[in-house]
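Undergrad: Sharing a structure, written as structure tokens. Questions coming.
The values are calculated or read from the model by the stated rules, or taken from the named source; none is laboratory data. None of these values were measured; they are calculated from a predicted model. We place every Cβ from the backbone using ideal geometry, glycine too, and count neighbours over all the protein chains shown. Please note that ligands, DNA and RNA were not included when accessible areas were found on the heavy atoms of the full protein model with its side chains. Shrake-Rupley method; radii C 1.70, N 1.55, O 1.52, S 1.80 Å.
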Amino acid sequence: MNGHDWNGKIIFHVDMNSFYASVESNHDPSLAGKPLAIAGNPKQRKGIVVTASYEAREYGVKTTMPVWQALKKCPNLIIRPPDFTKYRAASAELFHFLEEYTDLVEPVSIDEGYMDVTSNFKKRNVLHMAEEIQNRLYKELGLPSSIGIAPGKFLAKMASDMKKPLGITVLRKRELSQKLWPLPVEDMHGIGMKTADKLKQWDIYTIGDLAAYSVDSLKGRFGVMGKKLYERANGIDYRIVDPEAAKEVKSVGSSTTMSADVNQKQELLNVISMLSEKVEARLKHKQVCSDNFQITIRYSDRKTITRSRKLLNPIFTKEEIKTQAVELLERYWNGESVRLLGITGLEVIPIADAYKQLDLFSYKKDIKEAKLSATMSQLTNKYGNHILKKGHNHTDS
Amino acid sequence: MHFVIQREQFVHSVQHVNKAVSSRTTIPILTGIKIDTSSEGVTLTGSDSDISIESFIPKTDEENEYVDIKETGSIVLQARFFADIVKKLPGDEIEISVQDQFATTLRSGSVVFNLNGLDPEEYPRLPKLEENQTFSLPQNLLKDMIRQTVFAVSTQETRPVLTGVNFENDKEQLTCTATDSHRLAMRTVATETDNDELSISNVVIPGKSLSELRQILEDTNDHVQIVVTDSQVLFKFKHLLFFSRLLDGKYPVTNNMIPEQSKTTMELSTKDLLHSLERALLLSKEAKNNVINFKTLEGSVIEINSVSAEVGKVTEKITCQSLEGEDLRISFNGKNIIDALKVIDSEFVHITFTGAMSPFVIRPGDHNQMLHLFSPVRTY
């Protein structure tokens, strides 16, 4: 590639291959080169494979496969429980390393991120740079990776998926018709099974079908997302690489505009109950909680206030969220007509990182509650629900 | 009013009473220090209406003459300025005289300060307490008791009664308890009283009062007299009276909170544990939760670790003197344990656990006059 007459962007999508498994074998070199799986609960044969090393994949071991099935495919499979402390530390190292090349590094998840290397492009051959990054990641951090290179985030992401492990794929706009459009539509990043099914009802089977479809019909059927999908399929993606983006995903909330201005307290309380339920569901979906909840009140004259309160312990249930929101409402609502109400959990933290300081006077309640939730998670473990969902999220790590 | 006083004695007294003066009082006169002179000596008073301190400087004692009283009377002077001024005066003596309109002159060496005083008639009178419930303690013991409990009071106003230390007696046994509902510190001592019917219960002294009192208490065996009423407590020293308001409300029953059984017990060096926790806290402080993980290993060894997603992790093993009972994994706020270990003067501590989500107790290895109770943190 030649940088002289280029005025677009060059984006890398750097994606680790079997990240958890790589980190485990870095910590325990005896695992290197062996079939290894990270599974929810290795003692129970019913645990589910979260990640498998490429050696294990050769035997047919796949993510989301139950342990017993994986062992059948690969009898000498080594199984380890996940250790997120290790993975987070390795992840931090990974992003520090990428920042050596450019400040414009945006972590997307624990093991993948975007880099905007447009400014590097003026100075050196970025294909060589990608090779160097891949080699050094492998040699210095022990992390195999795949890199996608494209003029936008979406294409870079699609490119990094095209060759694994240790692939480098350049996806130019003029190559879309050969490289991207023949792919089935469900392979498109951002399209889940449900959306794919709906698209198929419209005879959209490949990304190419989507790219050629009427943007207005897509917009009519799927709203803003329809338009975005159309643009992505056509390689149009103006999103910038934002190093702060990962930090910004720090609040989870819900708000609603009333059909008519409300000045009855009971009605506002009903709205708060409804919002608390929604916020609980969203927190749960993202597997996070918060110790800092905020309410937003917009009055009928459009004047808007937000008031928040920091708590001792992170919370995530609708009852607790409601209690906080009601207290804030009672304290700060001036009694005038309200047009919009919102509840937001600020600075959310992963549930796995959350702690609750128990109370000497009431810890027995928590013991009861913990027993109950342990039973519940045993049940979900048994049926693989929870872990299945997780596995699907980082489909191929 | 007109007198000449030894500067050192006077500065010392002013500093004592100044501890009670708050600049944020709603009663303007209380921003001042009141000075009264009588034929016996000089009395200084400072108060924020929660705490009041009265310090007396006698005209003479067995050895020295401290004050030369030329004319008796009273004045109130702005504490903010007055306390700093007397500290910085150059001479060995200070001469104070009040003229018309409360105009006051301070002379020391060749320095003259003219200060505008306030009307002493406006200054509230200190309460006269009924001295039915009285006992005494050596100053150094009371000082220890405060040091060993007051750190555990709550700083949250959500449950005001927990911002104080609860005093209770059972015959000659006096027990002080402080808790912020996450940790609890309890200290017991023997008291001396002439009163067979001494009955102290639900006497909750604000933590702030005790912290101020602690600075006045000296490392001596000299006794301090303690007078308790329904709403006030008075600590009587030879030349100083320290009054504090008591907190309203019922202090929670805490005796039944101390677990009687145990599942895992251990004895280990106080210093080893303290230093290990301090190291572990270097990382968990970063995570802002002070959470430390603790587990038992084979062969009387415990492991302490803490993790910060950004910084890294630390693991440390300590060999205990003894370790018995079930295996245990527990997480707790390391800062709370450190606070307690710092006030335990014994070489070894004895720790009793009753499960990963139940309170645990730390006691000094060589006596049973003190215990610290902690609730763990729950992980999800």
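Undergrad: In the stretch B:31-50, how many are crowded, with 24+ Cβ neighbours inside 10 Å and touching a residue at least 40 places away in the same chain (Cβ under 8 Å)?
TA: Of the residues in that region, 6 qualify.
Undergrad: Where residues in the stretch A:129-185 are among the small types (Gly, Ala, Ser) and part of a helix (DSSP H, G or I), which of them is most open to solvent (accessible area, probe 1.4 Å)?
TA: Applying the filter and picking the extreme gives A:Ser177.
Undergrad: Only one of these is of a type in the set (Asp, Glu) and closer than 25 Å to B:Ala20 by Cα: B:Glu197, B:Glu172, B:Glu218. Name it.
TA: Criteria check complete, one pass: B:Glu218.
Undergrad: Which residues, taken from the stretch B:149-178, are aliphatic (A, V, I, L, M), out of contact with any helix residue (DSSP H, G or I) (no Cβ under 6 Å at 6 or more places or on another chain) and within 14 Å of another protein chain (Cβ to nearest Cβ)?
TA: B:Ala152, B:Val161, B:Leu162
Undergrad: State the number of residues belonging to the stretch B:303-319 that are away from chain A (no Cβ under 11 Å), surrounded by 15 or more Cβ atoms within 10 Å (Cβ to Cβ) and in contact with a helix residue (DSSP H, G or I) (Cβ under 9 Å, 6 or more places away or on another chain).
TA: Counting residues in the stretch B:303-319 that are away from chain A (no Cβ under 11 Å), surrounded by 15 or more Cβ atoms within 10 Å (Cβ to Cβ) and in contact with a helix residue (DSSP H, G or I) (Cβ under 9 Å, 6 or more places away or on another chain) gives 4.
Undergrad: From B:Ser108, B:Ser97, B:Ser181, B:Ser136, which residue is of a type outside the set (Val, Ile, Thr) and within 14 Å of another protein chain (Cβ to nearest Cβ)?
TA: Checking each option against the conditions leaves just B:Ser181.
Undergrad: For A:Ser308, indicate whether it is open to solvent by 30 Å² or more (accessible area, probe 1.4 Å), over 30 Å from A:Met193 (Cβ atoms) and either hydroxyl-bearing (Ser, Thr, Tyr) or at pLDDT below 85 (or both).
TA: For A:Ser308, the condition - open to solvent by 30 Å² or more (accessible area, probe 1.4 Å), over 30 Å from A:Met193 (Cβ atoms) and either hydroxyl-bearing (Ser, Thr, Tyr) or at pLDDT below 85 (or both) - is met.
Undergrad: Among the residues of the stretch B:207-235, write down those that are under 14 Å from B:Lys143 (Cα atoms) and either part of a strand (DSSP E or B) or out of contact with any strand residue (DSSP E or B) (no Cβ under 9 Å at 6 or more places or on another chain) (or both).
TA: Scanning the stretch B:207-235 gives B:Ser211, B:Arg214, B:Gln215, B:Glu218, B:Asp219, B:His223, B:Val224, B:Gln225, B:Ile226, B:Phe235.
Undergrad: Which residue out of A:Gly345, A:Gly335 is in contact (Cβ under 8 Å) with a residue 12 or more places away in the chain, within 26 Å of A:Leu269 (Cα to Cα), open to solvent by less than 30 Å² (accessible area, probe 1.4 Å) and more than 14 Å from chain B (Cβ to nearest Cβ)?
TA: A:Gly345
Undergrad: Six or more apart or on different chains, Cβ atoms under 6 Å: show the pairs whose first residue is in the stretch B:187-209 and among the acidic types (Asp, Glu) and whose second is part of a strand (DSSP E or B) and open to solvent by less than 40 Å² (accessible area, probe 1.4 Å).
TA: B:Glu192/B:Ser136
Undergrad: May I pose another question? How about the stretch A:281-305: which of its residues are surrounded by 15 or more Cβ atoms within 10 Å (Cβ to Cβ) and hydroxyl-bearing (Ser, Thr, Tyr)?
TA: The answer is A:Ser290, A:Thr296, A:Tyr299, A:Ser300.
Undergrad: If you don't mind, there's one more thing I want to ask. Can you report the number of residues in the stretch B:168-193 which are open to solvent by 10 Å² or more (accessible area, probe 1.4 Å) and touching a strand residue (DSSP E or B) at 6+ places or on another chain (Cβ under 8 Å)?
TA: 13
Undergrad: Please find, among B:Ser74, B:Ser13, the residue that is crowded, with 19+ Cβ neighbours inside 10 Å, among the polar types (S, T, N, Q) and within 15 Å of B:Leu118 (Cβ to Cβ).
TA: B:Ser74
Undergrad: Filter the stretch A:354-375 down to the residues that are within 30 Å of B:Lys313 (Cα to Cα), of a type in the set (D, E, K, R) and more than 7 Å from chain B (Cβ to nearest Cβ) and list them by number.
TA: Listed by number, the residues that qualify are A:Glu369, A:Lys371.
Undergrad: Inspect all residues belonging to the stretch A:259-280 and state whether any of them is within 14 Å of chain B (Cβ to nearest Cβ), farther than 26 Å from B:Ser181 by Cβ, open to solvent by 50 Å² or more (accessible area, probe 1.4 Å) and under 26 Å from the mean Cα position of the chain (by Cα).
TA: Within the stretch A:259-280, none of the residues are within 14 Å of chain B (Cβ to nearest Cβ), farther than 26 Å from B:Ser181 by Cβ, open to solvent by 50 Å² or more (accessible area, probe 1.4 Å) and under 26 Å from the mean Cα position of the chain (by Cα).
Undergrad: Taking the stretch A:18-31, which residues are within 21 Å of A:Gly167 (Cα to Cα), buried (at least 24 other Cβ atoms within 10 Å of the Cβ) and not hydrophobic (A, V, I, L, M, F, W, C)?
TA: Matches in the stretch A:18-31: A:Ser18, A:Tyr20, A:Ser22.
Undergrad: Among the numbered criteria (1) closer than 26 Å to A:Glu369 by Cα; (2) open to solvent by 20 Å² or more (accessible area, probe 1.4 Å), which single criterion is violated by B:Phe353?
TA: B:Phe353 satisfies all of (1) closer than 26 Å to A:Glu369 by Cα; (2) open to solvent by 20 Å² or more (accessible area, probe 1.4 Å) except (2).
Undergrad: Of B:Asn255, B:Asn289, B:Asn202, which residue is within 14 Å of chain A (Cβ to nearest Cβ) and open to solvent by less than 80 Å² (accessible area, probe 1.4 Å)?
TA: The unique qualifying residue is B:Asn289.
Undergrad: For A:Lys247, are the conditions met, namely being in a helix (DSSP H, G or I), open to solvent by 80 Å² or more (accessible area, probe 1.4 Å) and either more than 23 Å from A:Ala352 (Cα to Cα) or at pLDDT 85 or above (or both)?
TA: When the stated conditions are applied, A:Lys247 does not pass them.
Undergrad: What is the residue count in the stretch A:81-117 for residues that are among the β-branched types (Val, Ile, Thr), farther than 21 Å from A:Ala354 by Cα and either out of contact with any strand residue (DSSP E or B) (no Cβ under 8 Å at 6 or more places or on another chain) or buried (at least 20 other Cβ atoms within 10 Å of the Cβ) (or both)?
TA: Going through the stretch A:81-117 one residue at a time, the tally reaches 2.
Undergrad: Any residue in the stretch B:363-380 that is closer than 20 Å to B:Asp170 by Cβ and within 8 Å of chain A (Cβ to nearest Cβ) sitting within a Cβ distance under 7 Å of a residue that is open to solvent by less than 10 Å² (accessible area, probe 1.4 Å) and part of a strand (DSSP E or B)? List the pairs, counting only those 6 or more apart or interchain.
TA: Final answer for the pair search is B:Leu373/B:Leu184; B:Leu373/B:Val361.
Undergrad: What is the residue count in the stretch B:277-297 for residues that are of a type in the set (S, T, N, Q), modelled with pLDDT of 90 or more and farther than 22 Å from B:Gly355 by Cα?
TA: Looking only at that region, the number is 0.
Undergrad: Filter the stretch A:283-309 down to residues that are of a type in the set (D, E, K, R), assigned to a strand (DSSP E or B) and more than 26 Å from the chain's Cα centre (by Cα) and give me whichever is nearest to A:Leu346 (Cα to Cα).
TA: Only one residue fits best here, namely A:Arg309.
Undergrad: Residues of the stretch B:189-206 being under 10 Å from B:Leu246 (Cα atoms) and not in a loop (DSSP other than H, G, I, E, B), which ones?
TA: Listed by number, the residues that qualify are B:Val203, B:Val204, B:Ile205, B:Pro206.
Conditions tested, residue by residue: (1) modelled with pLDDT of 95 or more; (2) in contact with a Ser or Thr (Cβ under 6 Å, 6 or more places away or on another chain); (3) closer than 28 Å to B:Leu210 by Cβ.
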residue: B:Ile29; (1), (2), (3): no, no, yes
residue: B:Glu40; (1), (2), (3): no, no, no
residue: B:Phe56; (1), (2), (3): yes, yes, yes
residue: B:Glu62; (1), (2), (3): no, no, no
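Undergrad: Scan the stretch B:115-138 and tell me whether some residue there is within 20 Å of the chain's Cα centre (by Cα) and of a type in the set (A, V, I, L, M, F, W, C).
TA: Looking through the stretch B:115-138, at least one residue is within 20 Å of the chain's Cα centre (by Cα) and of a type in the set (A, V, I, L, M, F, W, C).
Undergrad: Restricting attention to the stretch B:92-139, which residues are in a loop (DSSP other than H, G, I, E, B) and open to solvent by less than 30 Å² (accessible area, probe 1.4 Å)?
TA: B:Gly117, B:Tyr123
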